[in-house]
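A short worksheet on the structure shown next.
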Amino acid sequence: MTLADVFKDLRSGNIQMRVVAHRPRRRLVMLVLFALVALGGSVGGFYFGKAKAGLDVTYINALIELDRANTGQISSLKSQLVDAELARLVDAQAAAQLRENIKQLRDEAAGLEEEVTFYKSLMAPSSIERGLQIADFEVSSTEVVDQFSYHLLLTQVEQRRDWIQGNVKLEVRGRRRLDGSPTYEELVLSLTEMADIEPYPLKFRFRYFQDLSGMLTLPKGFLPESVVVTALRRGSRSDNVRRTFEWVVRDDV
């Protein structure tokens, strides 16, 4: 549209004109106020953010201190737990050692009681059978397979004990499997078949008691079951005493 057209429309009344007052100061004031509001918002946001950041740092520092305190407490509790476990183990070991000591003392007491009973029988023979006695026989293992040590105890039970002498025979009874057969044969072995010993029978001479001991070796494949001990007293009064013991081996190795 040209300027001529505009004037033509004005004259014809097609365009209405309105007069507006020109106020440049008001516009400037509005711009200044807007700038101040924006500046104030920026400054307020800055200080608000700074304050919030300070609160976050304080909270984080508090959490760090709490973590340190908890870590120290956990370490202390772990140390106390280790000490308590060590004390428990020491107490358990001490209790086990004490039980073992008590068992050993009881075994020693039982052994001493047997010895006391034995010596009482020697000193007070009126209550038991008199004469030559085969008191005990023991077999103990050795480091060699099928080789054993034996101990034989002879005693004399009399009101008046004189020296006695004689000899002793020892036989081991058992079984041995026949070659190529599932069956066994009964077998009696003399001490001379299990030990290189001279003279035989074994000699004894004592007044109260005597211990006879030695070594014997069983043949391969022989299963011992019992031991028969026969003691013969020589002199004006002859006593022939026989006693059978089960084959029970003590493990002394």
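Key figures for this structure:
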| quantity | calculated |
| --- | --- |
| First in the range 130-146 and among the basic types (K, R), second anywhere and at pLDDT below 95 and in a strand (DSSP E or B), Cβ under 7 Å, 6 or more apart | R130/V157 |
| Options F222, F204: the member that is surrounded by 14 or more Cβ atoms within 10 Å (Cβ to Cβ) and within 13 Å of K169 (Cβ to Cβ) | F204 |
| Total residues in the range 153-201, condition farther than 20 Å from V139 by Cα, assigned to a strand (DSSP E or B) and of a type in the set (A, V, I, L, M, F, W, C) | 2 |
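Here's the yes/no breakdown for (1) surrounded by 19 or more Cβ atoms within 10 Å (Cβ to Cβ); (2) assigned by TED's automatic domain parsing to the domain that holds G214; (3) over 22 Å from Y200 (Cβ atoms):
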position: A135; (1), (2), (3): no, yes, no
position: S140; (1), (2), (3): no, yes, no
position: F148; (1), (2), (3): yes, yes, no
position: L152; (1), (2), (3): yes, yes, no
position: E171; (1), (2), (3): no, yes, no
position: L178; (1), (2), (3): no, yes, yes
position: S181; (1), (2), (3): no, yes, yes
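The values are calculated or read from the model by the stated rules, or taken from the named source; none is laboratory data. Bear in mind the structure is a predicted one, so any value in this text is a computation, not a measurement. A quick note on method: Cβ atoms are made from the backbone with ideal geometry, for glycine too, and the neighbour counts reach across all protein chains shown.
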